[in-house]
Every structure is written in C-alpha cells, then in structure tokens.
C-alpha cells in the first residue's frame, strides 16, 4: 500500500522542475501538529522567495489528490534540506563525489558502522571514502547495499 509520502511524491515530483530539485518528502508529527515537509534545493541554495513560490505550486497539487491521503489537517512546510542534506539514492551519492559525507551502515566494516570523510568515488555500486582514523588518513570501500543512511556532513 502506498504511503502518504509515496502518494505526495508522485503528485508533486513532475511539477518541481529545474532549477529546483525535489530532495525528500517527510510526513510526521512536530509538536502536536501533523507536518508535511517538502525538501527542495537548487544550485546556490533556496531562498525564502523560492519556498513561497514552490508552496503556491505544491499546495493546489496536494488538494487535487483523490482520495485525500491525509487523515487529519496538516501543515505544509517547503524548506531547504540544509547543509546536511540526505543522500537518498545512488544518483544523489554519485553527485556527492568530492564532498564530505556521513555514512551509517547496516553491518560493520573494520568494526565501524559509521564513517565520515571525503567521498572519493562511487563506481560499480561501491563508495570509496577517505577518513581519519585517529591521526592517520585511511580509505574504505563500502558496498552501496550496506548503506543504511547517507548525508552530506559539515566538517568541523
């Protein structure tokens, strides 16, 4: 059965076009309210005007979904994914080559389930990352199917 996120993604994805990119859709409780969060980005980042314009495009699309997938009233939030945007699929990972990322694994590699470092390459469904192990730079090859979550990270 399709979830609210699936239904919303199918309804809005074709209408979010260049220069914008649909990064993620989330639906859940924030405080006592149901919130539908739509994460969009573009080269150089999203402005308040962009989110206002996109809200005007997205809101009527949501109203047209039949049957209405929302059990209760909800708030629509159109927002930037921020500096630590999720890398939801292989295409997003491929675009992140050369950037500093955070990867959480389903199973440990060299006794580690979390790696943070520079994504050197993504080929043949494998991530090659360079990371610091105490004071030494090391490289690790991570099969994509072992990645539970990946996101851009801020290097401190």
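The values are calculated or read from the model by the stated rules, or taken from the named source; none is laboratory data. Remember, predicted model here, so these are calculated numbers, not experimental data. Heads up, the Cβs are rebuilt from the backbone with ideal geometry, glycines too, and the neighbour counts pull from every protein chain shown.
With the condition kept exactly as written, say whether any residue in region 35-44 is more than 24 Å from residue 19 (Cα to Cα) and either in contact (Cβ under 8 Å) with a residue 24 or more places away in the chain or in a strand (DSSP E or B) (or both).
yes
Regarding residue 115, is this residue surrounded by 14 or more Cβ atoms within 10 Å (Cβ to Cβ) and not in a loop (DSSP other than H, G, I, E, B)?
Considered against the rule, which asks whether it is surrounded by 14 or more Cβ atoms within 10 Å (Cβ to Cβ) and not in a loop (DSSP other than H, G, I, E, B), residue 115 comes out as yes.
May I ask you to list the residues in region 70-93 that are more than 13 Å from the chain's Cα centre (by Cα) and not in a loop (DSSP other than H, G, I, E, B)?
Passing the criteria: 74, 75, 76, 77, 78.
Inside region 126-136, can you point out the residues that are surrounded by fewer than 15 Cβ atoms within 10 Å (Cβ to Cβ) and modelled with pLDDT of 95 or more?
126, 130
For region 29-46, what are the residues that are modelled with pLDDT of 90 or more and over 16 Å from the mean Cα position of the chain (by Cα)?
Those that are modelled with pLDDT of 90 or more and over 16 Å from the mean Cα position of the chain (by Cα): 34, 35.
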